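This report concerns only the one structure given below.
The values are calculated or read from the model by the stated rules, or taken from the named source; none is laboratory data. Since the model is a prediction, treat every value here as computed from it, not as a measurement. Don't worry about glycine lacking a Cβ; one is built from the backbone with ideal geometry, like all the others, and counts go over all protein chains shown.
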Amino acid sequence: MKLEIEDIEHIADLARLHLTDDEKDRYAGQLSAVFDYIEMLNEVDTTGIEETCQVTGLMDVVREDVVEECDEETRKKIIGQFPNKMGNLLKVKAVFGGE
């Protein structure tokens, strides 16, 4: 699969990358090669092969969130350390745009 410069520009735009013309040419070649390898893998017959998400046997370990109460003095000290707050809440920068 040969990617064109327009494809690379579109991908770069989605990823919010600013690429030079040389980088666009280089990435077009590299990504085209990656997609060629993926296409080769798509030709492998995997009928009857069980999915392998991981092979170590390890399982995710999760726990329930537990609210732990603290005394009012400790709570005020913690809130006092917030660099930016809104009432008693820690205010952080937005992850996806906005304020």
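What the table below lists for this structure:
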quantity	calculated
E50 out of contact with any helix residue (DSSP H, G or I) (no Cβ under 9 Å at 6 or more places or on another chain), farther than 25 Å from M1 by Cβ, assigned to a helix (DSSP H, G or I) and of a type in the set (D, E)	no
Residues (part of a loop (DSSP other than H, G, I, E, B) and loosely packed, with under 10 Cβ neighbours inside 10 Å) located in the stretch 71-91	D71, Q81, P83, N84, G87
So I11, is it without any contact (Cβ under 8 Å) to a residue 24 or more places away in the chain and within 23 Å of the chain's Cα centre (by Cα)	yes
Pairs where the first residue, in the stretch 33-45, is within 15 Å of K2 (Cβ to Cβ) and the second is of a type in the set (D, E, K, R), C-beta under 9 Å, 6+ apart	F35/K2; D36/K2
E39 being assigned to a helix (DSSP H, G or I), modelled with pLDDT under 95 and more than 22 Å from the chain's Cα centre (by Cα)	yes
Filter result (farther than 30 Å from I8 by Cα and more than 23 Å from the chain's Cα centre (by Cα)) within the stretch 42-54	D45, T46, T47, G48, I49, E50, E51
